[in-house]
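The values are calculated or read from the model by the stated rules, or taken from the named source; none is laboratory data. If you're wondering where the values come from, they're calculated on a predicted model, not measured in any experiment. For the accessible areas, the whole protein counts, side chains as well, though only heavy atoms, and no ligand, DNA or RNA atoms are used. Shrake-Rupley method; radii C 1.70, N 1.55, O 1.52, S 1.80 Å.
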Amino acid sequence: MLNLFSNPVFVPLLLVSTGIGLWWLLTSLAVNEKKETLNRFVDKVVYFLVIAFVGNGFVHFFDIIALPYRALILSTTAISASFLLVLAYSSYRFLKKEKIEQKIVVAIFQLVSLLGIINHIYYYFLYKSPLMVGLILLFSGLLLLSSTIPLGGDSWIIAGGLLGTIFHLLITRSQSVLYFGFVVTPELLGFIAIEWIVVLVLLLRRQKQSKRT
């Protein structure tokens with residue numbers, strides 16, 4: 001059992017499985033809606049991993065040739081670039097009004113918030129860092145916010161992501177944070193906030209134009 005918990009793959013899988021299991025039990029969605037939510041979430045995770053490993057292969061090509069196991073160690077650059085690309089793609093599809101019910105989008109928001117809580121609870125007990133307490137409270141607040149999203153429409157979803165990123169930066173400041181074994185830097189959070197701002201501005205502008213017409 002000790003060997004399992006020292007495995008860098010086992011713990012992230014355990015945390016994600018725990019979060020998904022709790023979400024499945026707690027959400028009020030119908031079974032087919034739960035499946036659709038998970039399918040869309042897993043798709044984004046797969047995109048992230050594929051882009052990250054391919055990008056890591058290009059960046060560290062010669063290192064991997066010398067030490068093949070290096071292909072399994074994702075660099076911070078590869079992780080950051082992959083996450084930003086997946087977020088940009090998801091935002092583009094969201095702005096293009098992909099055929100997806102808002103409650104599914106809200107359910108993904110809730111799932112991510114719950115996974116954030118699970119992640120930081122684990123790392124709090126591992127490192128006893130007060131920083132984790134602040135992040136647990138942040139993701140708990142985002143989970144609570146999700147109950148008001150259906151009242152506010154699409155802009156609330158983007159605003160929730162932006163506010164969460166800004167508060168995350170305020171809590172962590174110059175410190176990097178682990179998410180399921182991946183390092184999330186303040187620089188990455190800054191770029192994420194910029195993406196949220198761009199999407200929010202475009203969304204509000206489109207809503208304003210639609211009201212005029």
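Quick look at the numbers
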| quantity | calculated |
| --- | --- |
| Value of [θ]222 nm, deg cm²/dmol, for the chain, DSSP H segments ≥ 4, -39500 (n - 2.57) each, nearest 500 | -26500 deg cm²/dmol |
| Solvent-accessible heavy-atom area per residue, rounded to whole Å², over the chain at 1.4 Å | 60 |
| Long-range amide H partners of Val183 with built H, under 5 Å | none |
| Where only alpha carbons of the chain are counted, the Rg and the Dmax (Å) | 18.0, 63 |
| Lysine pairs within region 1-148, Cα separation less than 25 Å, 8 or more sequence positions apart or different chains | 14 |
| Kirkwood estimate for region 82-188, i.e. one over the average of 1/r between Cα atoms, Å | 14.7 |
